[in-house]
Every structure is written in structure tokens, then in C-alpha cells.
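Peer 1: Below: one structure in C-alpha cells.
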Amino acid sequence: DSQRFAYLADGQICIYSLLDKTDTCTPIAADLTGASWSPDGAYIAIAQANLEAECCTGTVWLFPVAGGEAKNVAIFAASPQALTEEIFEWIPGDSPTLLIKNDPAQNASVLYHPAEGTTTMLDRQVRELSPDGRHVIYSTGEGGSLDGSINYPLPVNELCPNILFDLHNWDWSPDNTRLAFLHFCAAAPRTAWVTVLDVETGEPLWEQEITG
């Protein structure tokens, strides 16, 4: 609603009101590393690093903004340098769902549904979620839909038969109907390929080889 913002301080989640210029802080846990508002503003998901465990895991807390205690909803695995969106993302909709990218016990992604307090385990790890929350890129080198009804391999070729993820070598079109993917590998150090895919079918719509 652009009338509040949240920040982390000394193991607390604090919400500052721009209207009355006051903040309210609630203790959560030590070593908090990131937070994200749900699309409807009802919850804040919070990442807590577990500095005592073998690298690198942590806990996801869910804080109800209207009041109440934060709830421990999931465990995640991520590097110490991971951005918050690499740990979890909110999926927009009538009832927002939290996508936790990697559950270390299953090496797969988890969906947490705050309205029901339930969890759904996916069969793979999601690397990237489209802005509209309907389509994904999996760490296995596939694209498709979050519900599993669409699944297709990302483009490779004879020179580079394996998918390599580096930084952010993909992008979604503004209308969420196309996926652009940059493919490259060490075997062809001076060549890369850009392919634009239809996100519903995985069909290549355009491809360009880049040399330099």
C-alpha cells in the first residue's frame, strides 16, 4: 500500500508507518538475513541463517502483519551470498503462496500456503519464477508451468549439450508469454546462442548465434 516499509534490526522485524512516522518492532530470531512482503500485504516472509549448522541452511519465518507470532514454516538451503529472491519468492494470486526454492532434505522446492497453513512439496528445484507466477525455470535445465502440466527442455546444441546457469542468463517478456535464454559453455568460449521460447509450449520462436 506504499504507506509502510519493513526492515530487520537486531533479530527483529520492524514496520515503519509513513503516515504517523512510527515503527513497531517484533522479535523473531537471531541472524535474520532478508524479508519479503506478500502481494496482499498480509504477511512478511523472513530468512534466518543457521550459522551453527554445516553450510548453508536456514529457517523461513512467516510474520502476520496484522498481529500474532511469527511461525517457522520451512528450512532452506542457499549460499551465504544468496539474495532473498534466491531463497524464496511470493506467488501472486487471490491467496498468495510462498515458494521456498530449495528444501535441503528433498533437494526440491516447497510451496507454503499461509491461508491453510499447509505445505506442498515439488519434485524438482525451481530456479526462477515468472513475474506472473505461472511459469518456472527448473535447476534441472527445464522450463514449464508451476503446476507441472507443461514441461520442456531449455535449448542446447552439439557444441554445448548441457545447460549452464550463470548469473542471470534468461529473461521473461513483459506479457509473460516468452522466455529468452542465453546458452553458452567452455567448449565454445567465443560463441553463445540466444533463443526466444514460447512459455506455453517450449517452441523456439527465434534464435541468434553471437560470436566475438
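Throughout, read-outs are computed from the coordinates displayed, never taken from laboratory work. Note that the structure is a prediction, hence the values are computed from the model and not measured. Glycine also receives a Cβ, built like all others from the backbone with ideal geometry; neighbour counts cover every protein chain displayed.
Peer 1: I'd like the trypsin sites (Lys or Arg not before Pro) in the stretch 2-100 restricted to DSSP loop residues with at most 10 other Cβ atoms within 10 Å, sorted by number. It would help to have the intermediate numbers written out before the result.
Peer 2: Working: sites: Arg4, Lys21, Lys71; in loops: Lys21.
Here the trypsin sites (Lys or Arg not before Pro) that fit, given the DSSP loop and packing criteria, are Lys21.
Peer 1: Quick one, can you get me the convex hull of the C-alpha atoms of the stretch 1-116 expressed as volume per residue in Å³? Each step should come with its number before you reach the end.
Peer 2: Details: hull volume 12.3 nm³, N = 116.
Taking the convex hull of the Cα positions in the stretch 1-116, it is 106 Å³ per residue.
Peer 1: Quick one: which residues, 5+ away or cross-chain, put their amide H under 5 Å from the amide H of Val65? H built at 1.01 Å from N.
Peer 2: Tyr43, Ile44
Peer 1: Using only Cα atoms, figure out Rg for the stretch 23-179 and give it as a multiple of 2.2 N^0.38 Å.
Peer 2: Details: Rg = 16.4 Å, N = 157, 2.2 N^0.38 = 15.0 Å.
In units of the 2.2 N^0.38 Å rule of thumb, it is 1.09.
Peer 1: Taking each pair of distinct Cα atoms in the stretch 60-106 once, what is the resulting Kirkwood hydrodynamic radius in Å?
Peer 2: Final number for the Kirkwood radius of the stretch 60-106 is 12.0 Å.
Peer 1: Please compute the Kirkwood hydrodynamic radius over the stretch 170-212, one decimal place, Å, based on all pairs of different Cα atoms. Kindly include the intermediate steps, with their values, before the conclusion.
Peer 2: Values: mean 1/r = 0.0913 Å⁻¹.
When all Cα pairs of the stretch 170-212 are included, the Kirkwood radius is 11.0 Å.
Peer 1: Given springs between every Cα pair under 10 Å in a Gaussian network model of the chain, which of Gly93, Gly202, Gly141 has the largest fluctuation?
Peer 2: Greatest mean-square fluctuation among the candidates belongs to Gly93.
Peer 1: Still on this structure: Report the convex hull volume per residue for the stretch 82-125, counting only C-alpha atoms, in Å³. Don't skip to the end; give the middle numbers.
Peer 2: On the way: hull volume 3.1 nm³, N = 44.
Per residue, the Cα convex hull of the stretch 82-125 comes to 70 Å³.
Peer 1: Right, next: Would you mind working out the magnitude of the charge dipole of the stretch 116-211 relative to its Cα centre, with +1 at each Lys and Arg C-beta and -1 at each Asp and Glu C-beta, to the nearest 20 Debye? Could you put the intermediate results ahead of the total?
Peer 2: Values: 5 positive and 15 negative charges, 59 e Å.
Around 280 debye, computed over the stretch 116-211.
Peer 1: Only sites in a loop by DSSP and with at most 15 other Cβ atoms within 10 Å count here; which GluC sites (Glu not before Pro) in the stretch 110-186 make the cut? Provide the component values of the computation, followed by the final result.
Peer 2: Numbers: sites: Glu116, Glu128, Glu142, Glu158; in loops: Glu116, Glu158.
Sparse-neighbourhood loop GluC sites (Glu not before Pro): Glu116, Glu158.
Peer 1: In bins 5 Å wide, starting from 0, what share of all Cα pairs of the stretch 100-212 does each bin hold, as a percent?
Peer 2: Histogramming the stretch 100-212 at 5 Å steps yields 2, 11, 20, 22, 18, 12, 8, 3, 2, 1, 0 percent.
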